[in-house]
Structure formats: C-alpha cells, structure tokens
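Below is one structure, written out as structure tokens, with a few remarks after it.
The values are calculated or read from the model by the stated rules, or taken from the named source; none is laboratory data. Computed from a predicted model, the values in this text were never measured in an experiment. Here Cβ is always computed from backbone atoms with ideal geometry, including for glycine, and neighbour counts include all displayed protein chains. Note: areas computed on protein heavy atoms with side chains; ligands, DNA, RNA excluded. Shrake-Rupley method; radii C 1.70, N 1.55, O 1.52, S 1.80 Å.
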Amino acid sequence: MSGALIAVLFLAGCAAGAVSAAPSGHRPTPHRSSPAPTPARPTPTPTVPPPPTVVGFDKTALSVDDPASTWVVVNKSRALNPLAYVPADLTYPDVAYVNHQPMRQDTAAGLVAMFHAGKAEAGLDFSVQSAYRSFESQTGVYDDDVARNGQAYADTDTARPGHSEHQTGLAVDISALPAQCSLDACFGETAQGRWLAANAWRFGFILRYPADKVAVTGFTYEPWHFRYVGIPLATELHATGVTTLEEFFGCAGGTNYPS
Ligand code: ZN
C-alpha cells in the first residue's frame, strides 16, 4: 500500500486496530461483511470467554475528527480542524476555581456530579485548576513554556495551539481543595487524585495521560488532567481496560509533531 493511500485512510476517523491495546479479556470486533478469503473449513467455536460488559458498543457512533464531538481525539499527530475551533456552549459550573475558566455544558454537568460524589462518598473537596483555553491563550501558554524551558522541553508538557484538549472545552485540570500537589505528579497520590483515578469514569471522564502511556498519548503523566468523553465511552474504556483514546479508536498519536 502506498504512503499516500495510508495517509488518506487516516484523514477520516481512525483505523481501528492500528494501535493495538489488547488487554486480557478484550473482545474481538464483531464480523461485519468481510470477504472470506478461503471457503475452506468451518470456523471453530471460539474459546474466548464472552465480553465482560456492554455488548455491541459502536465505536463509530460519534466522530473522532469533529472538534465538537465528545469523542474527538486531539494530540500531537491530530490537530483540531479548524485549528482555531471555539466550542459553542461554554459555561461556568458552580464549583471552586483556581482559574475561572469555562467548559462545555456536558463537561460541566459531569464535573458537578463528580465533585458532589467525591464530597458525599469520600469527604473530598476539589477545584478547577484550568479548563477551556482558546487557541490564543494556548499560544501564550506554549510560547511562555518555550521561553522558559526551550521548545524540546515545552513540547513534552504543553500542547502547541490547535493540539490541546483544553481548546475543546472537554478537558479539566483538577486540583485538591485545600491545594496539594497542584499540577504535579504527586497529585496522583493525594486522596483527591486517587479518588478521581478510580471514579472519574462513572461521570464520563478519563484520566487522559496515564503514566505508562506517554509514548501513545505523547504527553507526560498528568494525574490532574481529566477529559470528558461521556459516560458510555468512559464505561466501555473502564470495562475493557483500555486507557487511551488512541488505542481504543486506533488513532495516530505519539510524542512527535508531524514536521
Ligand atoms: Zn490539562
């Protein structure tokens, strides 16, 4: 297959299975109308146990390309299109803020439910450290990081404008209240960080940058960065043990920007 054809295939959606996650207990994709190469022997009965949950989850139900889709996959390989996309339904939920930044309505509803549950179930308080950032403000954050730390370092911890989940209005950086380990890897060891890692899926969020998936997501471990994907997808990811959107949808990722 030519490189050009491969590139074309990646333009719309993502090639399922291009990135293999395959945790134990995953189920094979149901056969659609794939052509049978040889009409030889009947297929033996699979010995794989049935899937644990959610039969028939449709990975194509929502777009991974549309920036307004709650399943959009944006990373170093996949810029937002348009690059300066602005969500249409930004809102400020009634929660505590470090930086008063809005988020999309579904993100806000999920966040409020999650903060309330964290309080009710574990007595924990949270604040929004950061949420929506426009293309322009991401430019400022990135340029500032480059000025302070150099571009090579900046590219490991700050997305270039047009490549940030914060620009979708679906990402929230969460801090403990009172503040402890804000925007630091040790947030993952706080009571809030541990509770969020275990429970965020129930409210439609995922811990987007796991420690063991830096090569896949392209970003260092960020135990404070939660991405709203909706409860059905978050539940499916939780049930299957797949921890990144790139692996689940077979989307391009990685630590390098296309030159
Ligand atoms: Zn973040």
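Here are the numbers for the structure shown:
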item	result
26 Å Cα-Cα reach of Lys59 towards lysines, excluding residues that sit fewer than 8 places from it in its own chain	Lys76, Lys213
Probe 1.4 Å, protein heavy atoms only - accessible area per residue of the stretch 162-210 in square angstrom	32
Spatial extent of the stretch 106-178: Rg and Dmax, with the Cα atoms as the point set, Å	14.9, 43
Accessible surface ranking that places the most exposed of Trp201, Trp195 first, with a 1.4 angstrom probe	Trp201, Trp195
Of all accessible heavy-atom area on the stretch 54-249, the percent that carbon and sulfur account for (1.4 Å)	56
In range of the label at Asp89: residues from the stretch 102-119 whose backbone nitrogen is under 20 Å from the point 7 Å along Cα→Cβ	102-115
Radius of gyration and Dmax over the Cα atoms of the stretch 217-257, both given in Å	11.1, 31
Radius ratio Rg over Rh of the stretch 54-249, counting only Cα atoms, Kirkwood formula for Rh	0.93
Contact order normalised by residue count of the stretch 54-249, Cα under 8 Å, 6+ apart, percent	21
Computed over the stretch 67-119: relative contact order in percent, which uses C-alpha pairs under 8 Å that are six or more apart	26
FRET efficiency for Phe135 and Ser69, using Cβ-Cβ distance with R0 set to 22 Å, rounded to 0.05	0.75
